[in-house]
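**Student:** Structure provided below as structure tokens; questions to follow.
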Amino acid sequence: MVGGTPKRGAVSDNAEFRFTLNGRECTVTASPLARLLDVLRDQLGLTGTKEGCGEGECGACTVLVDGEAVNSCIVPVCQIQGGDVVAIEGAGHEAIQRAFLEEGGAQCGICTPGMIMATRAYLDGAHRAGAEVDATAIRTALAGNLCRCTGYQKIVAAVASAAGIAR
Ligand code: FES
Ligand code: FES
């Protein structure tokens with residue numbers, strides 16, 4: 001075995017992590033450096049969160065941690081100890097999902113869960129700040145989420161619809 005047996009206390013040792021997931025207390029045993037994406041999909045069976053690039057570049061794996069949109073493919077599970085995680089299977093973004101459906105904001109669907117979670121983080125933040133939501137702000141907010149199918153126009157329309165504004 002390359003590198004020999006890991007020393008006691010090495011970062012590869014499994015440990016227990018507790019956090020809130022979609023409103024419920026959750027405990028997992030995993031390597032501290034396990035990707036949150038893998039913990040969600042492989043350990044907890046929440047396969048709605050998708051993997052695209054796996055390098056923090058495409059946003060397909062976006063979830064909320066303490067209300068902020070994060071790329072779960074580059075977040076180790078140790079960083080969410082005690083945190084509040086919301087994935088696409090959770091509640092609170094039904095209106096956004098409906099808007100994507102009605103506006104045709106999804107085609108192949110790989111980017112869609114990440115788009116919806118990023119939209120939720122954006123609209124929640126805009127609402128808290130009383131910030132104006134318009135097409136330019138939407139495009140800026142979703143700049144970290146890539147879509148190879150839609151050309152973005154219908155995604156912007158969906159976000160605008162979810163925000164209740166004219167586009
Ligand atoms: Fe995480 Fe692309 S899969 S950013
Ligand atoms: Fe296919 Fe966005 S709908 S990548």
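Taken together, the values in this text are just the output of simple stated rules run on the coordinates, not laboratory data. A quick note: this is a predicted structure, and the numbers were derived from the prediction, not measured. Reconstructed Cβ throughout: ideal geometry from the backbone, glycine too, with neighbour counts over all protein chains shown.
**Student:** Tell me the residue from G67, G109, G144 that is at positive phi and within 16 Å of ligand 2 (Cβ to nearest atom), please. Steps first, answer last, please.
**Tutor:** Working: G67 fails: within 16 Å of ligand 2 (Cβ to nearest atom); G144 fails: at positive phi.
Going through G67, G109, G144 in turn, the sole match is G109.
**Student:** State the number of residues belonging to the range 141-158 that are in a loop (DSSP other than H, G, I, E, B) and over 16 Å from T62 (Cα atoms).
**Tutor:** To start, the set of residues in the range 141-158 that are in a loop (DSSP other than H, G, I, E, B) comprises 142-152.
Filter again for over 16 Å from T62 (Cα atoms), leaving 148-152.
Result for the range 141-158: 5.
**Student:** Got a number for residues in the range 89-145 being of a type in the set (D, E) and touching a residue at least 60 places away in the same chain (Cβ under 8 Å)? Lay out the reasoning, then the answer.
**Tutor:** Filtering the range 89-145 down to residues of a type in the set (D, E) leaves 89, 94, 102-103, 124, 132, 134.
Filter again for touching a residue at least 60 places away in the same chain (Cβ under 8 Å), leaving 89.
Residues in the range 89-145 being of a type in the set (D, E) and touching a residue at least 60 places away in the same chain (Cβ under 8 Å): 1 in total.
**Student:** Are there any pairs with C-beta distances below 7 angstrom linking a residue in the range 17-28 that is basic (K, R) to a residue that is not in a strand (DSSP E or B), with the two at least 6 apart or on different chains, and if so which?
**Tutor:** Close Cβ pairs satisfying both conditions: R18/Q81; R18/G82.
**Student:** While we're here: Would the range 109-119 turn up any residue that is surrounded by fewer than 23 Cβ atoms within 10 Å (Cβ to Cβ) and under 17 Å from the mean Cα position of the chain (by Cα)? Steps first, please.
**Tutor:** Keep residues of the range 109-119 that are surrounded by fewer than 23 Cβ atoms within 10 Å (Cβ to Cβ), which gives 109-110.
Checking which are under 17 Å from the mean Cα position of the chain (by Cα) leaves us with 109-110.
The answer is yes, given that some residue of the range 109-119 is surrounded by fewer than 23 Cβ atoms within 10 Å (Cβ to Cβ) and under 17 Å from the mean Cα position of the chain (by Cα).
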